[in-house]
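Any read-out appearing in this document is the output of simple, stated calculations on the displayed coordinates, not a laboratory observation. Here the structure is a predicted model, which is why all the values come from computation and not from measurement. No Cβ is skipped: glycine too gets one built from the backbone with ideal geometry, and neighbour counts run over all protein chains shown.
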Amino acid sequence: MSSLLSAPMAVAYNFVVVLAHVLAPLAGGLATAAAIVVFTLAVRLLLSPLTFYAMRGQASIAAMQPRVQELRARYARQPERLQDELTALYREQGGGMLSGCLPLLLQLPFFSVMYRLFRSGTIDGKRNTLLSHNLFGAPLGSHWLTGASLLSGHGLVFLGLFALLAGVSLLSARAARAAAPAPAPAGGGAMGLLMKVMPFMTVVIAAFVPLAAGLYLLTSASWTAIEHRVLRGRVRPAPAVSAGAATLPAGSGRSGPAPRRGGGATPSAARARTR
């Protein structure tokens, strides 16, 4: 893994070092921490189009919930048929609940680079000078439990980070619940629980990663909360599925509305026969 990340780590290292030098006149001793924040913002800005796409997919899923409820009521006693119908419906919309996780998944390589960047003593064969910098006295490469005590200056920096992360995660969780559609057919209640708990996992992760990586998490979580607030109401869902779509078993090869029960003719066919 380290060999795969060696080149990205060298690029990220030089980027953060240059940014720290640029920000030093303004940020002083906090220049390296500020450079990490700017690095994170640049990553999130790069991923913004994908975030918009993911939110559009979630809006589409929310818009078709009346159709989902109709299917649940119709096939309440046929769970296998219900699963097939819901799967086909979500497939026609181009995804499910996991579409909202795409920006998060694409951030993992960048987060891994930041994590390794403050865990390695050398970068590209040279001494890692970033490890000598700190945030309010706590080294950026240190972990929560490596301080003298939880109430030391080192521990208080991490506790402040955790408090900020928890507050931002709470705002994100509330926003997610306000805009959350019903769970996808394959996820059920477990998926709904996962979407509620996931924002708070950043606090747990921050307790086991270097301070620099925790700062990345805080900046990214804050961006997410602000981005969702700004884009909410401005993201329009994809065109909704027609009322009769996806009511046939998956794989039947047919599309369009399901036949009328009892084999009755459609109103247009009935009118044709009376002419």
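At a glance:
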{"read-out": "Phi to ³J(HN,Hα) by Karplus 6.51 cos²θ - 1.76 cosθ + 1.60 over the stretch 162-173, Hz, x for Gly, Pro", "value": "5, 5, 5, 4, 5, x, 5, 5, 5, 5, 5, 5"}
{"read-out": "Cut-off under 5 Å, modelled amide H: who pairs with Asn134 long-range", "value": "Leu140"}
{"read-out": "Around Tyr13: net Lys/Arg minus Asp/Glu count, Cβ-Cβ under 13 Å", "value": "+3"}
{"read-out": "Stretchable slack from Leu170 to Val17, in nm (0.36 nm times residue separation minus alpha-carbon distance)", "value": "51.8 nm"}
{"read-out": "Label point at Ala7 placed 7 Å out along Cα→Cβ; residues across the stretch 121-154 whose backbone nitrogen lies under 17 Å", "value": "124-125"}
{"read-out": "Asp124, Asp84 arranged by Cβ crowding within 10 Å, fewest neighbours leading", "value": "Asp124, Asp84"}
{"read-out": "Other-chain or far-sequence residues with amide H under 5 Å of Ile123's (modelled H)", "value": "Asn128"}
